[in-house]
1. List the number of the failed condition for residue 207; all other conditions in (1) within 30 Å of residue 28 (Cβ to Cβ); (2) surrounded by fewer than 17 Cβ atoms within 10 Å (Cβ to Cβ) hold.
2. Within segment 71-81, can one find any residue that is farther than 17 Å from residue 174 by Cα and surrounded by fewer than 22 Cβ atoms within 10 Å (Cβ to Cβ)?
3. Of the residues 198, 169, which single one is in contact with a helix residue (DSSP H, G or I) (Cβ under 7 Å, 6 or more places away or on another chain), assigned to a loop (DSSP other than H, G, I, E, B) and at pLDDT 95 or above?
């Protein structure tokens, strides 16, 4: 099988959902442990997300600066968003987010990485795409609101972002995963070795 994560599901004897929000909820499962004891595990139930590392012809990454209230920071991030529709094709969602947040489109799409953001307390799965051959999207810009109304945009050399991650200056998980993964790919087998944009995603199955 090689060195890889494997699906497994321990027995759950009871489940309750003490909180249901607009997009996510909190669930408590009573889980049977290997020694036969039963313990409660609380976690956030999440629809899943997509993120886009958009790389231009000058090897610069499109980044956004947005306020994130839970951590009381403005973070530099890559475009990202929720899978709002169950079974939604993640590529279509990623293309939508790149358009809505940056008014940009891309011709070349590949899967860069699939990650669980915080598997000890949340079931969120994120697919990070690499998007290249960028151009400005047609039509009017998407109207933003709330935190996104204050969002800044920049294009930053990939190497500068890597230095920021290693220095502890950049903290957004999708940005960190994206820039480090791409750097490894470029130093290794190259972009052509990446999975196609429609590669299966067992964590969030979708229709082509």
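1. (1)
2. yes
3. Values: 169 fails: in contact with a helix residue (DSSP H, G or I) (Cβ under 7 Å, 6 or more places away or on another chain).
Being in contact with a helix residue (DSSP H, G or I) (Cβ under 7 Å, 6 or more places away or on another chain), assigned to a loop (DSSP other than H, G, I, E, B) and at pLDDT 95 or above holds for just one of 198, 169, which is 198.
For every residue, the table says whether it meets (1) assigned to a loop (DSSP other than H, G, I, E, B); (2) buried (at least 20 other Cβ atoms within 10 Å of the Cβ); (3) within 16 Å of the chain's Cα centre (by Cα); (4) in contact (Cβ under 8 Å) with a residue 24 or more places away in the chain.
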| site | (1), (2), (3), (4) |
| --- | --- |
| 29 | no, no, no, no |
| 36 | yes, no, no, no |
| 43 | no, no, no, yes |
| 50 | no, yes, yes, yes |
| 53 | no, yes, yes, yes |
| 92 | no, no, yes, no |
| 101 | no, yes, yes, yes |
| 105 | no, no, no, yes |
| 128 | no, yes, yes, yes |
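The values are calculated or read from the model by the stated rules, or taken from the named source; none is laboratory data. All figures in this text were calculated on a predicted structure; none of them were measured in a lab. Methodologically, a virtual Cβ is constructed for each residue, glycine included, from the backbone with ideal geometry; neighbour enumeration extends over all protein chains shown.
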